[in-house]
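The values are calculated or read from the model by the stated rules, or taken from the named source; none is laboratory data. What you see is a predicted model; the values in this text were computed from it and never measured. Backbone-built Cβ (ideal geometry, glycine too); neighbour counts: all protein chains shown.
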């Protein structure tokens, strides 16, 4: 052996060994082509080369490569050369034509000497290789077909022993947990294995048959390779030896447990620091065995586990990590190569094995299955999962498809399943691996490899006859097969076997309806699966059933439609049970076919809604398929589908049945528990200060009523009194506005939250105080709350009567007239709110479930006994208001007559609450003011469920009121008219703005809107048409009658008779003359502002139009003009002056001397009879002229002649007035 260690002798020795074991075979198959007829490949450079083949280091790759080489020689007629040095990924470098494949360098698109490699390289690893450039090898087919598993194994005997004794399957890693089972009794104790048969820890293990480390010189290694190239086939043992020789490195084996770097990888994954020396090497107590953590404290429980030969120590690393990760009680060591097989076959041990395996088949190895392979973990060095799934791939060089397409076809067809490999290994294990044994396997198993051999017209499965001349698939072979080749069937076709005179072949046929074939080269069409269909032939893929259909049968040509308002969630539904209800329907069946019921308003029902998911709030399909109650709606937990709409949407967040905000309960979440109050957000306990505050407010109201009745102010006390009157009236106007605003807030519109918050505060002005804790003093029952609200108004009236009695007792007597006026003042101040309160019982709000509840008391169902009580109380209150309104109508009708008669003074005084705030010519305006609030409540009663009609009606009522207000301008103080007008238009804009928050309009609401819009247009057209026709008819009539009779329609009123008006003016002037200047000034001071303005306008009109010549008066009235003078010609102006008998100078003298007192007038006794009004004016003018003199008149003091005013002149003056 020493001589063999000489570096010069080794190459010769190995060469002799090679010639001894490798021989060249001739042919195997009887039909094989003769050796002399075999041909080589001719590359692009004209070189003739045999077909170069590579295989991996494992036995399977070598055997399959040798079988493939035999068939390429015998069946295809090519010379074959098998490279023994190309194991692993190095073979790919040979296929790429690299200059230095052993060192994996020199890939510069050089010429190829090797063309085929059957090696197990993963596609993931292959994708990372980028050094091959344009000659990167190509993978063909789907792999050879077998699957490799690398894991720990045991013998069949050990596995059966554990299974029979304890029923323990050692094939599963979970049963190796040392804390559960004592597995050492099924295996030999590791100490029974002689350490002489093991490699030690920390010293290189040497190949025993060589007994030395050596290197081959480069020339000697090349000489040995050349010697190998002379052979055609080789033995596996020699192949292994030459691999080591050609590596040009020390022939040594590292004991990996002594490598700190190797052990650091183990500790990084497992954290087992207890198995390391301080220097980072593994702890082996006897220098050979490494004990896993689960049996390190008790080595007798350790099971021996043998690692085998590995270039990188991968098997050792996997055993170490798996034993620590899964608490496997293992003692791990590596046998010397010469004892590796004997230890496994003669002892009960665990051993590492890559399957399929030929060497240890006698042991009948049973694998230990670990968790499924995790490629990401393996990349990071985590080997705790099972190393499996690498299919041996078939690789070819880039130029082989051009050089020998038939070989590419052969390699592509080559396939050997795991069962075939196992059966072949069973035979080879008995007979031995030799060319004769492999040839005998080929002869005995033609059915396995016949399909590998390409034939241009004998198409294999997946291919079909193809006429290359005409470019189409054909269905049979004729007498001439010129241009007929086999071509892979396209997608949508299947390859069907056919037998004719030439034997078996395959043709491509269209896939029938109900089937498809997505990939080419298919041997059959796949029936459409469940949830799919195909109605056309030759389809590449089946169609998925659309939404609303399903298919519960295979191979269907159409889908079945869902019935009874059902649909499916998505495409490809498999059964009728997947047909759920359409959107806006809900399945009320607990099991079986769906029974769909239309979802009521307020319930959001997506597709496939069910009652179960509605009540539970969960769905297997996902959250988007859970039916939910919308915000602003609710339902009781006991009857979830009976949906109620909430007027206060904030109290009803929606979701599951019975969900209310802030601990509220009852229908529409409108109630709180006993002794609780609603604060606008939640139900809170009734604190004592709430009750105290209520009683304090009621006491203050009672005190205010007492003081107001006992100390009623006199508003006729001058300027200061008017200021007080205006201040109090502003409060009354504000109260009426807030009451009307509270009524508008009851409209069933989707108001924004800001307005809702404002309305919740304003509700107190409508005698509602839900958010102010009314339940704390009236109880939580809404009927008791309504009773309390209704009793407040008559209670206030009764309290006023009691106050009157109290005032009598204290000596401050108030008359019955004053009592009636005070009672009327209270009723008028609260009329809008009380009218609304009396109509509340009649406001029945329609819920989506068909039930009706009171709009303000939602928990009271209309038609119930509580509602009947409400109707009685509301009707009684309404009757009281109607009686009051009738009295007011009678008073306003009678006041013009009562005010002229002293005996009705008490009636006038008692009606001051109706008229004291208005001008005397608008005394009647109290009636529309009363009606405004009452009428605004009627739309809420009549159209409770129709917001559109509410908006239209309330807008119309307010516009009518504003028309009356604008025409009458009724209040004594103009500021109050302006304030009332601003408030009125603000309400109109508020309601019109509310139309923007209209809920989704139903048919009734749309009809109301259509009626109003069309009706408004028709009214405008009718008014225009009637006006045009009336004016036209009047004109025609006047033309025919030749007169100028005025038509009443033009003036919209009946004008006074001119003569009567003239008499009235003359008599009024007579009485004004009798008044002293001071008295007249005092009387003017008592007039209301608007009356003063009206009087000033009247005097301006008289001066400017009736007495056009009075220039001095004209200057006075034009200092603060209220009108302009109408345009007239100079002639008409002079005529008017002459008729009036006044000149500019005379007017100046009259202005300075005329005194309108009783002395300057004519007494009734001195007057002569006057025959006409014109004569009376003439006499008055003459008398005045004589009395005041006429400066600048006729000589001798004779009076200046006064122009005579005849009847025609008087009529003109009257007409102008």
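Worth pointing out:
- Within region 270-280, tally of residues that are buried (at least 19 other Cβ atoms within 10 Å of the Cβ) and farther than 13 Å from residue 291 by Cα: 1
- Filter result for residue 849 (assigned to a loop (DSSP other than H, G, I, E, B), under 22 Å from residue 783 (Cβ atoms) and at pLDDT below 90): yes
- Contact map, region 1078-1095: first residue more than 27 Å from residue 967 (Cα to Cα), second residue surrounded by fewer than 14 Cβ atoms within 10 Å (Cβ to Cβ), Cβ cut-off under 9 Å, separation 6 or more or different chains; pairs are 1080/1072.
- Unmet criterion (only one of (1) more than 26 Å from residue 418 (Cβ to Cβ); (2) touching a residue at least 40 places away in the same chain (Cβ under 8 Å); (3) buried (at least 16 other Cβ atoms within 10 Å of the Cβ)) for residue 322: (1)
- Residue list for region 605-634, restricted to those being part of a strand (DSSP E or B) and free of Cβ contacts under 8 Å to residues at least 40 places away in the same chain: 610, 628, 629, 634
Each row is one residue, and each column tells you yes or no for (1) surrounded by 20 or more Cβ atoms within 10 Å (Cβ to Cβ); (2) part of a strand (DSSP E or B).
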| site | (1), (2) |
| --- | --- |
| 490 | no, no |
| 496 | no, yes |
| 499 | no, yes |
| 506 | yes, yes |
| 524 | no, no |
| 555 | no, no |
| 558 | no, no |
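- Test for residue 451: is it touching a residue at least 24 places away in the same chain (Cβ under 8 Å) and assigned to a strand (DSSP E or B): no
- Any hit, region 859-868, residues being in contact with a helix residue (DSSP H, G or I) (Cβ under 6 Å, 6 or more places away or on another chain) and in a helix (DSSP H, G or I): yes
- Enumeration of residues in region 964-980 that are closer than 19 Å to residue 728 by Cβ and part of a helix (DSSP H, G or I): 974, 975, 976, 977, 978, 979, 980
- Remark: pairs (first residue in region 130-152, in a loop (DSSP other than H, G, I, E, B); second residue modelled with pLDDT under 80 and surrounded by fewer than 19 Cβ atoms within 10 Å (Cβ to Cβ); Cβ separation under 6 Å; 6+ apart in sequence or on different chains) = 143/391.
- Pick from region 761-804, criterion touching a strand residue (DSSP E or B) at 6+ places or on another chain (Cβ under 9 Å) and assigned to a helix (DSSP H, G or I), ranking: farthest from residue 933 (Cα to Cα): 776
- Test for residue 947: is it in contact with a strand residue (DSSP E or B) (Cβ under 9 Å, 6 or more places away or on another chain) and either surrounded by fewer than 17 Cβ atoms within 10 Å (Cβ to Cβ) or in the same structural domain as residue 840 (by TED's automatic domain parsing) (or both): no
- Per this entry, residue 51 is counted among residues that are under 22 Å from residue 395 (Cα atoms), at pLDDT 90 or above and in contact with a strand residue (DSSP E or B) (Cβ under 8 Å, 6 or more places away or on another chain).
- Failed condition for residue 529, given (1) closer than 22 Å to residue 141 by Cβ; (2) at pLDDT 90 or above; (3) out of contact with any strand residue (DSSP E or B) (no Cβ under 7 Å at 6 or more places or on another chain): (1)
- Hey, residue 1087 surrounded by 10 or more Cβ atoms within 10 Å (Cβ to Cβ) and either more than 30 Å from residue 970 (Cβ to Cβ) or at pLDDT 80 or above (or both) or not: no
Quick grid of which residues meet (1) surrounded by fewer than 19 Cβ atoms within 10 Å (Cβ to Cβ); (2) assigned by TED's automatic domain parsing to the domain that holds residue 939; (3) within 23 Å of residue 943 (Cβ to Cβ):
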position	(1), (2), (3)
958	no, yes, yes
962	yes, yes, yes
966	yes, yes, no
979	yes, yes, no
987	no, yes, yes
992	yes, yes, yes
1007	yes, no, yes
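- Condition met for residue 146 (at pLDDT 90 or above and out of contact with any strand residue (DSSP E or B) (no Cβ under 6 Å at 6 or more places or on another chain)): no
- Qualifying residue in region 431-444 (condition: crowded, with 17+ Cβ neighbours inside 10 Å, under 60 Å from the mean Cα position of the chain (by Cα) and at pLDDT 85 or above): no
- Taken over region 289-298, the criterion of being under 19 Å from residue 265 (Cβ atoms) and not in a strand (DSSP E or B) is satisfied by 292, 293.
- Wholly enclosed strands (runs of 3 or more DSSP E) of region 299-411 bearing at least 3 residues touching a helix residue (DSSP H, G or I) at 6+ places or on another chain (Cβ under 9 Å) and over 30 Å from residue 48 (Cα atoms): 303-307, 330-334, 350-355
- Single unsatisfied condition, residue 474 versus (1) touching a residue at least 40 places away in the same chain (Cβ under 8 Å); (2) within 29 Å of residue 541 (Cβ to Cβ); (3) touching a strand residue (DSSP E or B) at 6+ places or on another chain (Cβ under 7 Å): (1)
- For region 19-32, filtering for residues that are in contact with a helix residue (DSSP H, G or I) (Cβ under 7 Å, 6 or more places away or on another chain) and at pLDDT 50 or above leaves 5.
- Consider region 577-591 and keep the residues that are under 28 Å from residue 526 (Cβ atoms) and at pLDDT below 85. The one that is surrounded by the fewest Cβ atoms within 10 Å (Cβ to Cβ) is 577.
- One residue from 696, 651, 639 being over 21 Å from the mean Cα position of the chain (by Cα) and over 29 Å from residue 852 (Cα atoms): 696
- Once region 690-710 is narrowed to residues that are more than 13 Å from residue 777 (Cβ to Cβ) and touching a residue at least 60 places away in the same chain (Cβ under 8 Å), the residue that is surrounded by the most Cβ atoms within 10 Å (Cβ to Cβ) is 709.
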